[in-house]
Amino acid sequence: MILSKTTKVLCVFAVLAGIVLATAPAMAEAPKTAADLPAEGKLDAFLGEPKLDIQQVFKGGRFPTIVVGVDGTVMALWNGVKVRRSEDGGEKWGPEINVGRGFMGGGAIVNETTGEVLAFVEKHHPPGPWKVYASKDNGKTWTEKEVEVKPDSKGNAPSMHMNDHGITLRHGKHKGRIIRPSRYYGKQNHHSEWPKHYTNAIYSDDNGATWQTSDPFPANGTGEATLAELSDGTVYYNSRRHWAPEGVNPLRRWTAISTDGGHTWKDLKICEILPDGPQNTNYGCMGGLARLAVEGKDIILYSNCDSPGGRKLGTVWASFDGGKTWPIKRLVTEGSFAYSSMTAGRPGTKSEGKVYLNYEGGGSQVARFNLSWVLGGEKTGDGELPEWLPKSE
């Protein structure tokens with residue numbers, strides 16, 4: 001067969017195009033969970049009509065954690081240690097289920113690779129031994145999980161109490177790693193030991209069988225931390241601090257980042273806009289943190305009391321640039337508000353588009369709201385709202 005000159009040229013182009021396509025780097029696949037659902041979705045899900053409702057989920061007790069299973073089941077963990085589940089996005093809650101006897105360790109994690117949920121239970125007020133409990137049915141039943149936990153670079157074993165929930169990393173080299181904040185307590189929780197205390201993190205690359213402990217957070221006197229992964233794989237870390245050297249402000253939150261999957265921390269900063277509990281004491285207060293499951297956006301919410309004195313005036317702040325600025329905040333409740341834990345709903349489930357805030361307010365109170373509700377709050381003067389947000393009417 002004799003090919004025309006034009007045909008020959010087209011064939012050459014086709015061959016070259018095939019070579020380019022074959023050698024081009026593969027596009028990164030959008031992360032999915034064990035439920036075969038996208039881990040991140042569209043911004044629109046968190047918008048629409050502003051909504052807020054608050055329910056009491058537990059009476060009495062302390063110490064909140066809240067997570068959302070890969071199927072959308074919302075699990076509010078409390079006290080020492082029990083859980084209530086909601087399968088309809090937080091409308092109704094099932095009966096109390098015992099996780100494990102002991103003292104709340106906080107930091108529950110949903111492993112998005114396997115769907116397993118992990119909870120941490122300490123024998124008594126730390127420092128003390130602790131156990132990991134696992135659920136393979138989104139919180140219905142729990143069994144003890146055998147784990148190995150390695151000490152940090154100083155040779156210190158980590159303590160779990162009392163940090164916000166952990167996460168599964170979705171982006172970059174360490175995709176699939178599970179990680180949660182932890183801490184070093186020194187000999188005891190006493191002001192004489194505070195200058196020796198520091199936060200850190202534990203992480204696992206084998207679905208929770210073996211845990212490494214990160215290097216210490218680069219500031220002593222810290223404890224009860226939170227973390228979130230940004231869209232480029234950076235881990236953002238935000239910590240309570242109840243001691244600081246003379247001349248350093250202990251009343252505001254302290255932050256750092258990790259670019260190696262949470263093993264080391266750098267760029268230590270004080271976040272002057274975010275309060276660390278009531279401002280008449282440097283003792284601080286556990287806060288909540290959640291990145292919304294929005295593809296390509298670094299929308300982070302932070303919760304704590306916004307009070308000149310006393311644990312009250314529970315408030316949520318929003319950042320749209322991965323924690324660099326916090327341009328808006330909104331009051332959740334004027335009443336009692338102490339420790340809090342916060343998480344976001346999952347695309348393709350009944351939890352989609354919702355934020356869940358479990359806080360101490362005369363028992364466990366769970367607030368459920370969307371981003372539209374937060375956007376109706378008060379501007380802080382710390383940065384501007386981004387242009388890609390819808391304009392309020």
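Just so it is clear, none of the values below were taken in a lab; they were calculated from the coordinates. Everything quoted here is computed from the prediction, not taken from an experiment. Counting neighbours? That spans all protein chains shown, and the Cβs are built from the backbone with ideal geometry, glycine included.
Of all DSSP bridge pairs formed entirely within the chain, close to 95 percent run antiparallel. Each of His125, Val70, Gly90 was placed along the dipole of segment 67-157 (beta-carbon charges, centred on the mean Cα), and the one lying farthest toward the positive end is His125. Averaging Cα coordinates gives a centre for segment 135-168 and one for segment 201-254; these two points are 15 Å apart.
Over the chain, the Kirkwood radius and the radius of gyration, each from Cα atoms, give a ratio Rg/Rh of 1.04.
Note down the net charge around Gly284, summing +1 for each Lys or Arg and -1 for each Asp or Glu among other residues with Cβ under 13 Å from its Cβ.
Here the count lands on +4.
For the residues Gly172, Gly100, Gly284, a GNM of the chain with alpha-carbon springs under 10 Å puts the largest fluctuation on Gly172.
Report the extension gain between Glu378 and His191 in nm, rounded to one decimal, defined as 0.36 nm multiplied by the number of residues separating them, less their alpha carbon distance. Mind showing how you got there, number by number?
Values: separation 187, 0.36 × 187 = 67.32 nm, distance 3.60 nm.
Difference between extended and current length: 63.7 nm.
Between Thr210 and Thr141, what FRET efficiency follows from the Cβ-Cβ distance if R0 is 25 Å, with the result rounded to 0.05?
Numbers: r = 24 Å, r/R0 = 0.95.
My answer for the efficiency is 0.55.
Couplings 3J(HN,Hα) for segment 186-198, derived from phi with the Karplus relation 6.51 cos²θ - 1.76 cosθ + 1.60 (θ = phi - 60°), are x, 6, 6, 8, 9, 4, 5, 9, 3, x, 9, 5, 7 Hz, where x marks Gly and Pro. Between Asp44 and Lys266, full extension at 0.36 nm per residue minus the direct alpha carbon distance yields a gain of 76.6 nm.
Spread over its residues, the convex hull of the C-alpha atoms of segment 187-238 is 104 Å³ per residue. Angle of helix 5-23 to the longest C-alpha principal axis of the chain, folded into 0 to 90 degrees and rounded to 10: 20°.
What net charge is computed for the residues neighbouring Trp130, neighbours being all others with C-beta under 10 Å from the C-beta of Trp130, Lys and Arg scored +1, Asp and Glu -1? Intermediate results must be reported in sequence, preceding the final value.
Numbers: positive: Lys123, Lys131; negative: Glu122.
With Lys, Arg at +1 and Asp, Glu at -1, the net is +1.
The string of couplings for segment 113-125 from the Karplus curve (6.51, -1.76, 1.60, θ = phi - 60°) is 6, 10, x, 5, 10, 10, 10, 10, 10, 9, 5, 7, 4 Hz, one whole number per residue in order, with x for Gly and Pro.
Given N residues in segment 50-205, what is its alpha carbon radius of gyration divided by 2.2 N^0.38 Å?
Details: Rg = 16.0 Å, N = 156, 2.2 N^0.38 = 15.0 Å.
That ratio works out to 1.07.
In segment 258-393, if every C-alpha pair distance is counted and binned at 5 Å from zero, what percent goes to each bin? Answer for segment 258-393: a P(r) of 2, 10, 18, 22, 21, 15, 9, 3, 0 percent. Contact order for the chain, expressed relative to its length and based on alpha carbon pairs under 8 Å spaced 6+ residues apart, stands at 16 percent.
Summing charges over all other residues whose Cβ lies under 11 Å from the Cβ of Gly345, with Lys and Arg as +1 and Asp and Glu as -1, gives +3. Solvent-free Debye calculation, one equal scatterer per alpha-carbon of segment 153-199: log10 I(q)/I(0) at 0.17, 0.20, 0.32 Å⁻¹ equals -0.61, -0.74, -1.13. Under a Gaussian network description of the chain, with springs only between Cα atoms under 10 Å, the residue in Gly90, Gly345, Gly377 that fluctuates furthest is Gly377. Label sites at Asp232 and Asp53, each approximated as a point 7 angstrom past Cα along Cα to Cβ, lie 4.0 nm apart. Here the ratio of the Cα radius of gyration of segment 25-120 to 2.2 N^0.38 Å is 1.27.
Shown is the FRET efficiency for Leu385 and Arg101, computed with R0 = 35 Å from the Cβ-Cβ distance and rounded to the nearest 0.05: 0.15.
Scaling against 2.2 N^0.38 Å puts the C-alpha radius of gyration of segment 129-185 at 1.31. Applying the Karplus relation 6.51 cos²θ - 1.76 cosθ + 1.60 with θ = phi - 60° to segment 332-338 yields 3J(HN,Hα) values of 8, 8, 7, x, 4, 7, 10 Hz, where x marks Gly and Pro.
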